[in-house]
Structure formats: structure tokens, C-alpha cells
1. Whether any residue in the range 346-354 is within 18 Å of residue 213 (Cα to Cα) and among the aliphatic types (A, V, I, L, M) is what I want to check.
2. In the list 39, 15, 81, which residue meets the criterion of being part of a helix (DSSP H, G or I), among the hydrophobic types (A, V, I, L, M, F, W, C) and at pLDDT below 85?
3. Let me confirm something: among 258, 251, 211, which residue is among the β-branched types (Val, Ile, Thr), within 30 Å of residue 39 (Cα to Cα) and not in a helix (DSSP H, G or I)?
4. Tally time: how many residues in the range 262-282 are touching a helix residue (DSSP H, G or I) at 6+ places or on another chain (Cβ under 9 Å) and either of a type in the set (A, V, I, L, M, F, W, C) or over 16 Å from residue 232 (Cβ atoms) (or both)?
5. Find all pairs meeting these conditions: Cβ atoms under 8 angstrom apart; at least six residues apart or on different chains; first residue within the range 12-30 and within 23 Å of residue 162 (Cβ to Cβ) and aliphatic (A, V, I, L, M); second residue in a helix (DSSP H, G or I) and modelled with pLDDT of 80 or more.
6. Grab the helices (runs of 4 or more DSSP H) fully contained in the range 268-357, keeping just those with 2 or more residues being surrounded by fewer than 14 Cβ atoms within 10 Å (Cβ to Cβ).
7. Looking only at the range 229-246, count how many residues are surrounded by fewer than 21 Cβ atoms within 10 Å (Cβ to Cβ), in contact (Cβ under 8 Å) with a residue 12 or more places away in the chain and in contact with a helix residue (DSSP H, G or I) (Cβ under 7 Å, 6 or more places away or on another chain).
Amino acid sequence: MPKKLTISLGNIFLIVAVGLLLVLLWQLKSLIVILMVAIVIAATLAPIIQAANKLGIPRWLSVILVYLGLIATLTGVGLLIGPTVAEQIERLIRKLPSYLEALRSLLENLALRLGMSEPDNPSLISQFLDIQGLTSWAIRSSQQLLVRSYSVTRGIVGSVFGLLLALLLSGYMLSGSEQLLQDIANLFPEPWNKRLLAQVQPVSQRMGGYIQGRILVSGILGILISISLGFLGLSELALGLGVIAGFTNLIPFFGPVIGAIPALIVATAQGGWTFLWVLLLFVVIQNLETYVLDPLLVGNSVKVPPLYQLLAVLGGAQVLGIIGALIVPPWVAGSSVILENLYIKPKLMAEQEQNIH
């Protein structure tokens, strides 16, 4: 006899409460994203704060000094290279149609040499490489990623305010983290409060180690690419292209490829040999990152399968744009610590004990 489906009043209230909670979280998505960014910043700066504490500097003073140093460093770098980078990127955007036209001419000549088209009818390449269409697509795709990022914090002004708020929240977390974490842990019953509190340090280390490694690797590669492009004859745009490549390299998997595309397009206008040298440069840079810098500077701090990292980047970019592609991977890395320590390891230990008995 089939069982009757019964829904109690308590279950109805639970479903309604969950639905209302989801609606509330959706309405607060901007604040949640800012909080996620703040936690990533706090995890990244935590080792510096701890090192200052060991020198006998009070924690609140350590936070202030670290943030003042960070602001001074960013301001100095911005004043030093910011105007040049902005001018070169503006020049790159302005000359992009001419660079794509040179790429089309190169492909048409290559197609003629290989017998893939007739001299009087090179329309296949022209139709495939529509200069105006490609330029519009590149600008539109970039705008969509930026707009998706801006829409989370309601515009450019909201993004600047959100970043400042994230910095303030991260500073508060670092200065009063122990009491704050203790209060959050006390919301959970025994023994989960102690178990969750014990995961704070490894989660922070994994998230912070991931971001620190990515920033350091991207900075090194940006400098190497800028210097190398200058030697290869692209000195007019070398710094701007190096900054683009360094920034996009923060995004796993797709970042290095995206960062190489502008330099390769510019190299095409300089001739076939320049294109080959620039292509070889980015192949060498990619191998240097994969086999030397990542293992040395990032190491095993992520401990997340590549497939999950890829899904984190795709999902983050789809929902939050560039912000999501940057902050979701460290959150996945941090969440893997909790999953590993609170579920996988206890499960394996329980299975081993059962096998022994």
C-alpha cells in the first residue's frame, strides 16, 4: 500500500523560511560580494599582520601600518607607471582596427600561397575576419564583463565604494578577528563550534597563500613580458601590453591566453617574424609559469583539482564578471579545507576503524 504524502505545519514553515532567506540573500548580494572580497583581502594580509605581531607591535597598530604601506605602494606604482599605461592602452584601442587589418592581409597572403583562395576572390578571409565586427565584438565582450562586475555593486561609484568598504571590513576582521570568530563559532552547538574554529587558520592560509602566489607570479610575468616586448620591437606599447598580460594572469586557465592576444595582434602588424618571436615569448612564459613559478611560489596551497578550479572561474565570471573570476577560486580553495577536514578525513578514519574491528 503506497504511503500517503503528509506535510506538517512545521515543514511548511521551514520551506517558507528557507524561501524568504534565499530572497533576502539575493537582495543582499552586493553586500555578500563585498564581504567575500573583504575575507579574501584579510586572508591575504593576515601573514604580514602576524609577522608584525611577533615583533611586539600591537595588532591594531600592525593593521594600520600594513594598510598605510599598501596604500602608499599602490599610489606610488600608479603615479610611476599609471599615466604611461593608460596612454598606451588608449593608443592600442585606437589602433586596433589597423592591427586587425594587417592580420587580415597576412592571412589572405598566406591563403593565396597555400592555394586556399583565388587572387581575385579572397572573400573567404574577408568574410571570416570582419574588422569592424571583430572590433565591436572585442569591445562589447569587455564591456559585458565590466558591466556584470559593476552591476553587482550598482555602478562605477558603487564599485569604488564597495572596494573601500571591503578594505574597511577586512581591516576590522584583522584587528578584531579572534573575538569575531569566537562569537560566530559560539552560534554552533558543541562540538561543532570548536571544530569550525579550528578550521579558520588552515582556511585562511590556503586562501591567502593562493592569492599571494597569484599576485607574485602575475607581477613577475608582467615585468618579464614588458621588458621582452620592448626588446622585440614593441616598445611603443610594451608596458601597456605587459600590464594587461600581468593582470589577466590573475585569472587561472584563461588569463594567460587572454593576455597574449593583444600582444600577438600588435606583433602581426610588425611582420611575420615579429609575430613568431612574440608567440615564442608567450609559449616560454607560459611554461615558465606552469613548471617553475607556480610550483615554487604557489606550490600546493590550492589543493583543488583543476576541473573544480576551471568551474570556479567559469561560474564566477558568469555571475560576477571579472570580480567573480578573481575571488571565487580562492573561496573554492578555502571551502575544500572545510570539506576535507570535517567530512572526508573523519569519513576515512571511521571506515578504517570499521575495517579493523
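The values are calculated or read from the model by the stated rules, or taken from the named source; none is laboratory data. Small disclaimer: the values here were computed from a predicted structure and weren't measured. Using ideal geometry, Cβ is built from the backbone for each residue, glycine included, and neighbour counts are taken over all protein chains shown.
1. Residues of the range 346-354 that are within 18 Å of residue 213 (Cα to Cα), as a first pass: none.
No, there is no match, as no residue in the range 346-354 is within 18 Å of residue 213 (Cα to Cα) and among the aliphatic types (A, V, I, L, M).
2. Details: 39 fails: at pLDDT below 85; 81 fails: at pLDDT below 85.
Just one listed residue meets the conditions, 15.
3. On the way: 258 fails: not in a helix (DSSP H, G or I); 211 fails: not in a helix (DSSP H, G or I).
Answer to the selection: 251.
4. 13
5. 25/32
6. Values: elements: 272-288, 306-320, 322-339, 345-356.
The helices (runs of 4 or more DSSP H) meeting that bar are 272-288, 306-320, 345-356.
7. The first filter runs over the range 229-246 and keeps only residues surrounded by fewer than 21 Cβ atoms within 10 Å (Cβ to Cβ), leaving 230-233, 235-236.
Filter once more, so that each one left must be in contact (Cβ under 8 Å) with a residue 12 or more places away in the chain: 232-233, 236.
Add one more test, that the residue is in contact with a helix residue (DSSP H, G or I) (Cβ under 7 Å, 6 or more places away or on another chain), and what stays is 232-233.
Final tally of qualifying residues: 2.
Let's see how each residue does on (1) surrounded by 15 or more Cβ atoms within 10 Å (Cβ to Cβ); (2) closer than 21 Å to residue 168 by Cα; (3) of a type outside the set (A, V, I, L, M, F, W, C); (4) in contact with a Leu (Cβ under 6 Å, 6 or more places away or on another chain):
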| position | (1), (2), (3), (4) |
| --- | --- |
| 21 | no, no, no, no |
| 26 | no, no, no, no |
| 63 | yes, yes, no, yes |
| 72 | no, yes, no, no |
| 75 | no, yes, yes, no |
| 97 | no, no, yes, no |
